[in-house]
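This report refers to the structure that appears directly beneath it.
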Amino acid sequence: MPELPEVETTKRGIEPYLHNQSITKILVRQKSLRIPFNDNLKKHITHVKIKNIKRRAKYIVIDFANEYSMVIHLGMTGNLRASRQKKFLKHDHIIFYLESGNSLIFNDVRRFGLVQIYKTKGSFYLLDNNGPDPFEKKADVDYFYNRIKNSSASIKSILLNHKIISGIGNIYASEILFSTNISPLRMGRDISHTDCKKILQQSKIILNKAIKAGGTTLNDYFNAESKPGYFKIQLNVYGKEGEKCPSCESKISKITQSNRSTYFCKESQN
DNA sequence: CTAAGGACCTGTCGGC
DNA sequence: TGCCGACAGGTCCTTA
C-alpha cells in the first residue's frame, strides 16, 4: 500500500477530476471492505458539489458542499483511478460516476481499505485516532521525544504506530532508520532528543523525495490515471537482504519485529 | 497500562 | 505441472 507518499500522489492525481464536480451515481460492486461501505448514506453525497479534497494521515477525505464527507483509505493494495471506460477490472469495488462523464474507481485486491460516508461535523472515528504526520507542525521534536521517551517498544514499531506519528509505513520506517544510523531494535527510551530530531528530519526528506517522484512503486499501486508508470525511488535497505550496505562493507540483515519485516545494517546502525 | 501477536483477504512466488 | 506454505505496502483488536 500506499504509504503517505502514494496516498498524497493519489490525492493529487484525482483532484483535477473532482474539481467543481458532483457525483451522479454510485455503483457498489463489493461493499465488504475493512469496514462495510455504508451505502445507505450515498444519497447524501450524490448531486452535491464536491467542495474540497484533502489528505489526513493515510486517509483521503472528500468534503461535499453540504454537511457530508467521505473518507477513503487504500489499505495495502487499494488504488483510486479516474476513467471514462465502462469496463471494470477485477476488484473494482465502488464506482463514482461524475457529471463530467469520468468516473472515480476504487479498486482493492485485499479489501483492507475502506470507504465511508459520514457527517462532517461528527468526524470519522478512525481518522481521529491518527497523530500528526511528519509534515505537520504538531509533530515537532519535543512532541515526538515526549511521546517515546518512556517507551520500551522498539523505535521501528514506534515509527509504525500512527497514534504517535502517522504516515510512515513499513518501507519508509526501515529507510528512515537507515538514514539516521539508528538501529531499529533500540527502544524508545534509548532514543535521545537529538535522535528524535534526526528521525523527523529524515522522515520529511525521504517522504518528500518519494512524493516528488510520484510515489514508490509497488505491485498494486496505480496512479490516478491508472498508468503503470509509477516510479521507484532509490531504496537503500528495504527488500535488500544480503546485499551490500550502501555505507559500509557489511550485508543488509532482515529481521521480524511485531510481525513485520525490518531491513537494516547491523554495522552502520546502532 | 504497554507491547507483541493474530486477524482480516487475495495473489504470487519458491520449494518439493 | 500442482500443491502448500510463506509473504506482501495497513491497522484494528485480542492476548499476555
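Quick note: the coordinates plus some simple rules give every number you see, no bench work behind them. Values in this document were obtained by computation on a predicted structure and should not be read as measured data. Every residue, glycine among them, receives a Cβ derived from its backbone with ideal geometry; neighbour counts consider all protein chains shown.
Summing -39500 (n - 2.57) over the DSSP H runs of n ≥ 4 in chain A and dividing by its residue number, what mean residue ellipticity at 222 nm do you reach, to the nearest 500 deg cm²/dmol? Spell out each step's value before the answer.
Working: 6 runs with 65 residues, N = 270.
After summing the helix terms and dividing by the residues of chain A, the value is -7500 deg cm²/dmol.
Lys/Arg Cβ at +1, Asp/Glu Cβ at -1, dipole of chain A taken about the Cα centre: which of A:His193, A:Asn38, A:Asn161 is farthest positive-ward?
A:Asn38
Express in % the proportion of alpha carbon pairs of region A:4-128 at distances exceeding 23 Å. It would help to have the intermediate numbers written out before the result.
Values: 1605 of 7750 pairs.
Result: 21 percent of Cα pairs exceed 23 Å.
What ranking, highest mean first, results for peptides A:162-169, A:148-155, A:119-126 when packing means the other Cβ atoms within 10 Å averaged over each residue?
The densest-packed peptide leads the list: A:162-169, A:148-155, A:119-126.
Which peptide among A:132-138, A:24-30 comes first, and what is the full order, when sorted by highest mean count of other Cβ atoms within 10 Å? All intermediate terms of the calculation are to be shown ahead of the outcome.
Details: A:132-138: 16.1, A:24-30: 14.3.
In decreasing order of mean packing, A:132-138, A:24-30 become A:132-138, A:24-30.
Helix A:4-18 versus the longest principal axis of chain A: what is the Cα-based angle in degrees, 0 to 90, to the nearest 10?
Computed tilt is about 20 degrees.
Which order do peptides A:33-44, A:249-260 fall in by mean Cβ count within 10 Å, highest first? Numbers along the way, then the final one.
Working: A:33-44: 15.2, A:249-260: 13.2.
Highest-to-lowest ranking by the protection proxy: A:33-44, A:249-260.
Step through the residues of region A:104-110 one at a time and calculate ³J(HN,Hα) from phi using the Karplus curve (6.51 cos²θ - 1.76 cosθ + 1.60, θ = phi - 60°), rounding each to whole Hz and writing x for Gly and Pro.
With coefficients 6.51, -1.76 and 1.60, one gets 9, 10, 9, 10, 7, 4, 8 Hz.
For chain A, what value does the Rg/Rh ratio take when both radii are computed over Cα atoms and Rh is the Kirkwood radius, given to two decimals?
1.01
Which values of log₁₀ I(q)/I(0), to two decimal places, follow from the Debye formula for region A:113-209 at q = 0.17, 0.20 Å⁻¹ with a uniform point scatterer at every Cα?
-0.72, -0.93
At what distance in angstrom do the alpha carbon centres of region A:50-87 and region A:1-41 lie from each other?
3 Å
On average, how much area does the Cα convex hull of region A:141-265 cover when viewed from any direction, in nm²?
The number I arrive at for region A:141-265 is 8.1 nm².
Taking the Cα centre of region A:4-128 as the origin and placing charges on Cβ (Lys, Arg +1; Asp, Glu -1), which of A:Leu89, A:Asn79, A:Gly13 is farthest toward the positive end of the dipole?
About the Cα centre, the residue reaching furthest to the positive side is A:Leu89.
How far, in degrees from 0 to 90, does helix A:193-213 lean away from the longest principal axis of the Cα atoms of chain A, to the nearest 10?
40 degrees
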